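Read through the structure below, which is laid out as structure tokens, and then see the notes.
Since every read-out is calculated from the coordinates, none of them should be taken as a lab result. What you see is a predicted model; the values in this text were computed from it and never measured. Positions of Cβ are backbone-derived with ideal geometry, glycine not excepted, and every protein chain shown enters the neighbour counts.
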Amino acid sequence: MRAAFLALVFVFASTSLASADSTPSSGVIKEILVEENTKTDDDTVALIARIEVDDDWNLDMIEEIKARLISSGLFKDVTVFSEPHKSGDGVKVTIVVKDKHSWVIAPAFYTQPTNIGGGIGFGENNLFGKNQKLLLYGQIATGDSFFIGAWVIPNLGGTRLYAQFDTFLKSQRNFEYAVPTTYINDVADQGANKAVRESRLNYLNAGAKLGIELFRGFKFDVRIRGARVSYGKTKLVEGATLADVGEDVCLSGSEATGDCEVEDPGAKGNDVSTEFTLSIDRRANYYGIATGYKYSASFENAQPGFGSDFRYFLAGIGIYRAEKILDRHNLIFKSSIGYGRQLPFQQEYLTGGSSMRGWLNNQFRGDFRAVANLEYSVPIFTIKGFGVRGLAFWDSAYTTFLNTTSPDRNYLPNSQRGDGTSTKFQEYMAPFKNSVGVGTRFYLRQIVLPLLGLDVGYGLEAGDVQVYLAIGLTD
């Protein structure tokens, strides 16, 4: 009996050791096997996982690889395991992935202050099975009607190079608002500053980008783009006066009849520029929960030598940080600061709307902007891949003109900070605006797109509430 018991212990121990040996803790990768992928090709899976044959292997890499593959947005399930290679030397790594439905054709509808509209878009998240992105979207709206097309190639031929080609064609109705001269708004139209000038901007743009990922997440790229800028009819908003826009006479019509045509806010012409961007991007998205960080710096400069009729530059830095809290809660902080010199109307920094909830769309503009957004979201419920999350947010921004010397602009009165129209405190605080609010997002895990977004923002200085609703296109 004792002998039988010892034999049983020996067999069990041998089996356990064999099982342990079947999952080597370290070694050199000799083979990578990808299974159950129906669209994404094997090389692309390995490229996203960031592993190659002859790389060193350890078990700690399993969770890292899973996170990278899930964050790509291409797969609904990922399994990674290793075993001894059949040669007896090294490791065989097996990656089992189940592709998500990678494309969608969807209508969109949204309502925002001063802008209501809808459109239809086509998005392909895994073009040719190589993780390339294609977006085609067009919309018609009371404010912004546009078409956007973009093709993103995350790696060229398996190298560290990446590229992007895009076009943006829009006809945009612009409302310009009386520039705030006090911190708390006391001249109000629906709780916000008074709209004084309305114009129609036509902007036909195309661009191309080429970059290199020097090491994981550290990128440098160059973009060149060109646009044709023109304007439709520009007029006073009903109730505004010529004094509100700094002019003496109407080009046609009259104030009394409400059809006073005035000078365009900017010059028409060709806008050609190059942009250089340096960034480090270590963000990840694990089934809707964002983690990691991104830091970036950019410099854009007009190119008269390439036919630009404008001469300007913009420089800025950006910060993004996301933390997972309590397993399914998410805290996201975003901030940026930018400055431009002699900016034309179409290149100015804008604040208000979905990026500054509680204020009207593009209510504030300038050649300098500092903005910060803090958002905390929690899960409400999830049923078979359909999820609802609630969120609370705080938006803060400082937007103003540090100088008004551009020959290509027709500025509104009081645009430049420090013109002596108010006390020092009011002068420096007037461009500072804040809002708080709550919202919700509806997600479908299978296609990784928010289906509906609803935000309610309260502008602290205006004492006013604005509602933002988007269906079908919320990011």
request  = Any chance you could give the angle, 0 to 90 degrees and rounded to 10, that helix 2-21 forms with the longest Cα principal axis of the chain?
outcome  = 40
query = Which FRET efficiency, nearest 0.05, do Q416 and K98 yield, Cβ-Cβ r, R0 56 Å?
reply = 0.45
ask   = Of G27, V272, A462, whose Cα points farthest to the positive end of the dipole of the chain (charges on the beta-carbon: +1 Lys, Arg; -1 Asp, Glu; origin at the Cα centre)?
value = G27
task = Note down the net charge around G437, summing +1 for each Lys or Arg and -1 for each Asp or Glu among other residues with Cβ under 11 Å from its Cβ.
result = -2
note = Surrounding charge for G390, neighbours by C-beta under 13 angstrom, Lys/Arg +1, Asp/Glu -1, total +1
remark   = Expressed to one decimal in nm², the mean projection of the alpha carbon convex hull of the chain is 28.4
task = Pop the C-beta distance of V53 and L454 into the FRET formula with R0 = 45 Å and round what comes out to the nearest 0.05.
result = 0.40
ask   = Where in the stretch 330-356 is the amide nitrogen less than 16 Å from a point lying 7 Å along the Cα-to-Cβ axis of A392?
value = 330-333
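Ratio of the stretch 19-99's C-alpha Rg to 2.2 N^0.38 Å, to two decimals?
Numbers: Rg = 12.1 Å, N = 81, 2.2 N^0.38 = 11.7 Å.
Against the compact-globule rule of thumb, the ratio is 1.03.
Just subtract the alpha-carbon distance of K130 and S254 from 0.36 nm times their residue separation and send over the number in nm, one decimal. Write out the running numbers ahead of the final one.
Values: separation 124, 0.36 × 124 = 44.64 nm, distance 5.92 nm.
Taking K130 through S254 to full extension adds about 38.7 nm, to one decimal.
I'd like the FRET efficiency for D42 and L402, computed as 1/(1 + (r/R0)^6) with the beta carbon distance as r and R0 of 56 Å, rounded to 0.05. Each step should come with its number before you reach the end.
Values: r = 54 Å, r/R0 = 0.96.
According to the calculation, E is roughly 0.55.
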key: G366 long-range amide H proximity, modeled H, under 5 Å   = Y349
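What is the gain in length, in nm to one decimal, between K233 and I280 on full extension, counting 0.36 nm per residue of separation less the C-alpha to C-alpha distance?
Values: separation 47, 0.36 × 47 = 16.92 nm, distance 4.34 nm.
Using 0.36 nm per residue and subtracting the Cα-Cα distance, I get 12.6 nm.
By the scheme Lys and Arg +1, Asp and Glu -1, what is the net charge of all other residues having a beta-carbon under 11 Å from that of R311? Spell out each step's value before the answer.
On the way: positive: R341; negative: D271, D309, D408.
So the environment of R311 carries a net charge of -2.
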key: Total charge dipole magnitude, the chain, about the Cα centre, Cβ charges on Lys, Arg, Asp, Glu only, Debye to nearest 20   = 780
task = For F147 paired with S335, estimate the spin-label separation in nm (one decimal), with each label point 7 Å from Cα along the Cα-to-Cβ line.
result = 4.1
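Give the relative contact order (percent, whole number) for the stretch 114-168; include only Cα pairs under 8 Å separated by 6+ residues. Show your work: numbers first, answer last.
On the way: 110 pairs, mean separation 15.3, N = 55.
The normalised contact order for the stretch 114-168 reaches 28 percent.
Rounded to the nearest 500, what is the 222 nm mean residue ellipticity of the chain from helices alone, with -39500 (n - 2.57) per DSSP H run of 4+ residues and division by all residues? Don't jump to the answer; show the numbers that get you there.
Working: 4 runs with 45 residues, N = 475.
Rounded to the nearest 500, the figure is -3000 deg cm²/dmol.
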query = How far is it, in nm, from the label point at I116 to the one at F432 when both lie 7 Å from their Cα along the line to the Cβ?
reply = 3.7
